[in-house]
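Have a look at the structure below before the remarks.
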Amino acid sequence: MNDKTVHANPSKNRTPRHRAREFALQGLYQWLLNNEPAKTVVNNIRAAHGFDKADGDFFAALLYGTIEQSIELREAFAPLVDRGISELSPIEHAVLLLGAYELKNHPEIPYRVVINEAVELTKSFGGIDGHKYVNGVLDKLAPKLRADEVAADKKR
């Protein structure tokens, strides 16, 4: 993925927030592969075609926040993955970081929405069954980061 990336499977839910997540995923992918500073990644992504249709503030919050908390986020989901973090595909790694960040820091977004968005991103950009893997990991992480919300949801 780079700033000329064409969406492989554009979803129907192309809200400004969904687009922000797509661009944040692309930024995290670039950061994971190139180890560039967050500011460089943000500037590259902001110059990408179609960025004007994304929620720029949400994008920046997602990207900077995820990178800043990446060690803590990895520690949260590492026990839930069946392999070492370094063995994850870069897309799965980036989506898990993004999903973990949203679960931890955006309680105003229902946990099921966070997981669904992560699954959709993985379907669009990841490998064939990557979305199932991401779904499973985030589904196990949600009760750890949002115990009250998940418990209330299960009572319904």
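We did not get these values from a lab; they are worked out from the coordinates using the rules stated. These numbers were taken from a predicted model, which means no experiment stands behind them. Positions of Cβ are backbone-derived with ideal geometry, glycine not excepted, and every protein chain shown enters the neighbour counts.
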Legend entry - Scope region 104-144; condition buried (at least 18 other Cβ atoms within 10 Å of the Cβ), out of contact with any Ser or Thr (no Cβ under 9 Å at 6 or more places or on another chain), closer than 23 Å to Y29 by Cβ and not hydroxyl-bearing (S, T, Y); matching residues: K104, V114, I115, E117, A118, V119, V137, L138, L141
Inset, instruction - Of all residues in region 26-56, count the ones that are surrounded by fewer than 18 Cβ atoms within 10 Å (Cβ to Cβ), free of Cβ contacts under 8 Å to residues at least 24 places away in the same chain and not in a loop (DSSP other than H, G, I, E, B). - result: 6
